[in-house]
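Asker: Before anything else, here's the structure in question.
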């Protein structure tokens, strides 16, 4: 699998990522959007990239502003900033000679929120949304309490307000959530599913936690993701 590191200048900071080149081009691409405290080098995204490239896709994973190897600091990596980061990467991918113009997004946790927003507003062809929050919890999980307390507007973005966001413009969405997710309530998955347009599918994975740490369940999640993108991007 051929990989190339890349840098993208956003005007304020430099985003750093890895481009997994397709075996044959031009090809459809998938971009991975990592979670709030994660990064592009998570084993989940590397494994997803391997599967997608083997199936005929190109794949891109990158670090949001203030995360991993990208420039900036974490407090700047707000929801607003991450949506802008992802749209920048989407534009870059669409202009690659190896991309045929067809683009999917895979987002995990807060990355799913970002993917839903950017993908809806910028016309992604298909999305897989894993453990995605769209409703602010009355009592945030312990892992998120410090962020809520220190940065009260960290998750605010006018483009994702639930009363105005055009959920119906999102389509070809596979929504995956673990039944034992204690960080993001599974009710978020049903909230999204009820509002996005067909074709769509929801899969509540029995026994899975927020990070899909169980290897067998993670493997099933990756296989389902591959099938979804293959169905709608590779063999539409």
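Asker: For the ranges 208-214, 105-111, what's the packing order if you count other beta-carbon atoms within 10 Å of each residue, average per peptide, and put the highest first?
Answerer: By packing density, highest mean first, the sequence is 105-111, 208-214.
Asker: Here's a follow-up. Give the peptides 199-206, 83-90 in descending order of average Cβ contacts within 10 Å, highest first.
Answerer: Highest to lowest by the protection proxy: 83-90, 199-206.
Asker: Semi-axes of the equivalent ellipsoid for the chain, please: Cα gyration tensor eigenvalues, times 5, square-rooted, ordered largest first, whole Å.
Answerer: Square roots of five times the eigenvalues give 24, 21, 17 Å.
Asker: Sorted by mean Cβ packing within 10 Å, highest first, what order do the peptides 228-234, 155-161 take?
Answerer: Highest to lowest by the protection proxy: 228-234, 155-161.
Asker: Among DSSP beta bridges whose residues both lie in the chain, state the antiparallel percentage, nearest 5.
Answerer: Approximately 30 percent, going by the DSSP bridge assignments.
Asker: A further question on this structure: Report the label-to-label distance for residue 213 and residue 185 in nanometres (one decimal), using points 7 Å from each Cα along the Cα→Cβ vector.
Answerer: If labels sit at residue 213 and residue 185, their model points lie 2.3 nm apart.
Read-outs throughout are calculated quantities, based only on the coordinates presented, and are distinct from any laboratory measurement. From a predicted model like this one, the values you see are computed outputs, not experimental measurements. No Cβ is skipped: glycine too gets one built from the backbone with ideal geometry, and neighbour counts run over all protein chains shown.
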